[in-house]
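Each remark here refers to the structure printed beneath this line.
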């Protein structure tokens, strides 16, 4: 039995194709039923997020059975199989396990190291249990995926250092002010960048947000979304003295905030720091303001430099993460190897059970033990004896089965029964 | 043996905090804290052992003073970590703690008590409180230095390892305030206890005692900073600068007093 994955993601398919293949919650049950209808597919799991759709199957013949999954997917999205093949990838065996570990750790994400994917993978495992796709293999894979991802998140900095401009801006603000709960922000503009930055500030727990825009209604709408207040564009300079963080992204062609405005604001602030983030091109905030004491100005290029540095840092961390993934893979393969011995153990135990039953029958007949109570006591005794005798060799059989090596019969006997040479 | 163990633990704490600074693994901070606590336990054990075996005034020699100062620094690190969870201050504290313990070891044990009567309760309040106060003043100076380093990173837009590991400016400011106030209050208690002890042991306050002159100048410098902060308010940058200037003034005064005594 091995794991195989058929999938597509932001690297292999454009958004139009990803949209068509996406499986929403209401379709999951039907998809699981269709996939599991194939007798040769023993377990299955579907991961469907905005950036990826992946079908994992546990099978003994992945080439044939992945084709049947492709057929189901083709029917579901209404795309020809030949067309679908252009956008999909297939991994099997070790590669598919490595792939799911990479996905869960965020190494395969559009924004490397983003944490949401881990939750989505955990949800997918849960859905797979709910819709009958999970068996021993996937349950163990879930355990290893969670363990490996947690290790990667704990011991590497893959999730640290923001890699989006708006988030980097908020992180920089946190680097100056620490806690944002008692700080106030002024957002100049109501475009997409301002909206993102305002939402990140809200998530970071900013104390007060004020939004201003040339079109007052837009400012009011954004203020409403982020739980702040709107002010008229003509009045925003009066707000500077009460604002710790100022984020600006407007289409203005002239400077909106000059050094004189900031000097005036600082005279009312008892030298409390001010942090300006200028995401606009052309710039809204005079770069000379950075020269004023306790005032920090960052423009879009500075933020991009932060993002690039952070991205490089995450790439370095990804190398460390791969070491943990390889360790996880090794551990999982040890489990797979140990599972190969299970049929042998079952057969051995079955043989002992048969002997036990036959001997009990023979003994009861010979000594005329008819009472059910007496027979139960006898069976309890023999079963206990048998279990004790088998416990050590079966335990050792499982433990050493993953270790590749050849033993002579006497060595094997010593290992199984933990025997020592008679002196 | 406790001397060697406390040196070893402090060196290991320094090593792990340096590794954390460059590698960023959170687990290294846990190990650092463990060694800091062990270092404090062993240096305290050493202090108690010497005290009880020599029956000497533990603060009566330079060795004892340095040992207690290193304990106070380790204690300051542990308390500040629990309150602020910012381990990078250890980069400044541990080297000094290591130096002080090594210094204490090289200078030998405690000297025998010259004047048993001098060892009153007031002395045992005066010296520990003064030393703990000095340790916190030292830490506030380190925080002031950290503030200027981090401020430069932000102004010059350097996003390297210092920017990532040093605390935010606001947090450094809170660290400075906390250490400054703890230092000031403990030093004040120490100074007052010292004056009472002086009256008890010699019947009067000897205003020409170099130690007293030094202590009073230190107190005046730090009380000026704290009162000015309370009354007029100070920007974080000015506070950081005042801690550094304050500590340099203390060192200059100390050297001046030492020369005066030698003279």
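The values are calculated or read from the model by the stated rules, or taken from the named source; none is laboratory data. What you are looking at is a predicted structure, and each value in this text was computed from that prediction instead of being measured. Note that we place each Cβ from the backbone using ideal geometry, even for glycine, and neighbour counts take in every protein chain shown.
Give region B:207-225 a look and list any residue that's surrounded by fewer than 18 Cβ atoms within 10 Å (Cβ to Cβ) and part of a helix (DSSP H, G or I), or say none. Listed by number, the residues that qualify are B:210, B:211, B:212, B:213, B:216, B:217, B:220, B:223, B:224.
Within region A:210-226, is even one residue within 14 Å of another protein chain (Cβ to nearest Cβ) and within 34 Å of the chain's Cα centre (by Cα)? For region A:210-226, residues within 14 Å of another protein chain (Cβ to nearest Cβ) and within 34 Å of the chain's Cα centre (by Cα): absent.
When residue A:314 is tested against (1) in contact (Cβ under 8 Å) with a residue 40 or more places away in the chain; (2) more than 27 Å from residue A:179 (Cβ to Cβ); (3) more than 10 Å from every other protein chain (Cβ to nearest Cβ), just one condition goes unmet, and that condition is (2). Every listed requirement among (1) within 9 Å of chain B (Cβ to nearest Cβ); (2) in contact with a helix residue (DSSP H, G or I) (Cβ under 6 Å, 6 or more places away or on another chain) is met by residue A:265 save one, (1).
Apart from one condition, residue A:40 fits all of (1) within 30 Å of residue A:326 (Cα to Cα); (2) surrounded by 16 or more Cβ atoms within 10 Å (Cβ to Cβ); the exception is (2).
Can we say residue B:237 is closer than 24 Å to residue B:151 by Cα, out of contact with any helix residue (DSSP H, G or I) (no Cβ under 6 Å at 6 or more places or on another chain) and touching a residue at least 12 places away in the same chain (Cβ under 8 Å)? So residue B:237 passes the test. Please indicate, with yes or no, whether at least one residue in region B:112-127 is more than 14 Å from chain A (Cβ to nearest Cβ), modelled with pLDDT of 90 or more and under 15 Å from the mean Cα position of the chain (by Cα). Scanning region B:112-127, I find no residue that is more than 14 Å from chain A (Cβ to nearest Cβ), modelled with pLDDT of 90 or more and under 15 Å from the mean Cα position of the chain (by Cα), so the answer is no. When the test is whether a residue is within 30 Å of residue A:386 (Cα to Cα), part of a helix (DSSP H, G or I) and touching a residue at least 40 places away in the same chain (Cβ under 8 Å), residue A:347 does not pass it. Within region A:175-188, the set of residues being out of contact with any strand residue (DSSP E or B) (no Cβ under 6 Å at 6 or more places or on another chain) and not in a helix (DSSP H, G or I) comprises A:178, A:179, A:180, A:181, A:182, A:183.
Can you find a residue that is in contact with a helix residue (DSSP H, G or I) (Cβ under 6 Å, 6 or more places away or on another chain), within 14 Å of chain A (Cβ to nearest Cβ) and crowded, with 18+ Cβ neighbours inside 10 Å anywhere in region B:57-78? For region B:57-78, residues in contact with a helix residue (DSSP H, G or I) (Cβ under 6 Å, 6 or more places away or on another chain), within 14 Å of chain A (Cβ to nearest Cβ) and crowded, with 18+ Cβ neighbours inside 10 Å: absent. Going by the conditions given, is residue A:190 away from chain B (no Cβ under 14 Å) and either over 33 Å from the mean Cα position of the chain (by Cα) or loosely packed, with under 15 Cβ neighbours inside 10 Å (or both)? Taking the combined requirement at face value, the residue does not satisfy it.
Of all positions in region A:133-143, none carries a residue that is within 14 Å of another protein chain (Cβ to nearest Cβ) and outside any loop (DSSP other than H, G, I, E, B).
The residues of region A:337-368 that are more than 27 Å from residue A:60 (Cα to Cα) and either at pLDDT below 85 or within 54 Å of the chain's Cα centre (by Cα) (or both), listed by number, are A:351, A:352, A:353, A:354, A:355, A:356, A:357, A:358. Residue pairs whose Cβ atoms lie under 9 Å apart, sitting 6 or more positions apart in sequence or on different chains, and linking a residue in region A:372-399 that is exposed (fewer than 14 other Cβ atoms within 10 Å of the Cβ) to a partner that is outside any helix (DSSP H, G or I), are A:392/A:418.
Taking the listed residues B:172, B:182, the one that is away from chain A (no Cβ under 14 Å) and buried (at least 19 other Cβ atoms within 10 Å of the Cβ) is B:182, with no other qualifying. Against the list (1) buried (at least 20 other Cβ atoms within 10 Å of the Cβ); (2) within 17 Å of the chain's Cα centre (by Cα); (3) modelled with pLDDT of 85 or more, the condition residue A:140 fails is (1). Sort out which residues of region B:128-164 are under 23 Å from residue A:296 (Cβ atoms), surrounded by fewer than 22 Cβ atoms within 10 Å (Cβ to Cβ) and more than 11 Å from every other protein chain (Cβ to nearest Cβ), and write them in order of number. Correct list: B:145, B:148, B:149, B:152, B:162. Among the residues of region B:224-234, some residue qualifies, meaning at least one is over 16 Å from the mean Cα position of the chain (by Cα), within 14 Å of another protein chain (Cβ to nearest Cβ) and at positive phi. Scanning region A:146-174 for residues being out of contact with any strand residue (DSSP E or B) (no Cβ under 9 Å at 6 or more places or on another chain), in a helix (DSSP H, G or I) and facing another protein chain (nearest Cβ under 9 Å) gives a total of 3.
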